[in-house]
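Quick notes on the structure that follows.
None of the figures in this text is laboratory data; all of them are computed from the coordinates on show. Everything numeric in this text was worked out from a predicted model, so none of it was measured. Glycine gets a Cβ as well: all are built from the backbone with ideal geometry, and neighbour counts include every protein chain shown.
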Amino acid sequence: MSVRIKPTVNNIINLWFSVDTPIRQYKIKLNPEIWGACQTINQTFYPPSKRPSVERYRKMDKVAFARAVQEQLAQNSPGRSN
């Protein structure tokens with residue numbers, strides 16, 4: 001079973017916002033760059049709906065979070081030229 005994931009919006013949402021299980025922990029272990037980007041974005045992320053807690057995030061908040069993570073990953077990718 002391969003658990004290396006592509007940094008799609010749905011995969012990022014499922015990784016960051018899902019219930020903590022052994023499978024999720026294994027995915028985190030095998031995808032440290034995505035998890036690290038999620039942690040970085042989480043420090044400064046302000047949801048569009050202005051909901052105070054992650055448990056109350058709307059779908060648009062989760063999508064905005066995932067897109068911010070994608071941008072973070074793109075900035076940190078080794079093949080990117082500026």
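Give me the pairs: first residue in the stretch 2-21 and at negative phi, second residue polar (S, T, N, Q), beta-carbon distance under 6 Å, and six or more apart or on different chains, which are they?
The qualifying pairs are ILE5/ASN11; ILE5/ASN31; PRO7/GLN70.
When both residues are 6+ apart or on different chains and their Cβ atoms are under 6 Å apart, which pairs have a first residue that lies in the stretch 36-62 and is over 16 Å from ASN10 (Cα atoms), and a second that is among the basic types (Lys, Arg)?
Pairs found: SER49/ARG58.
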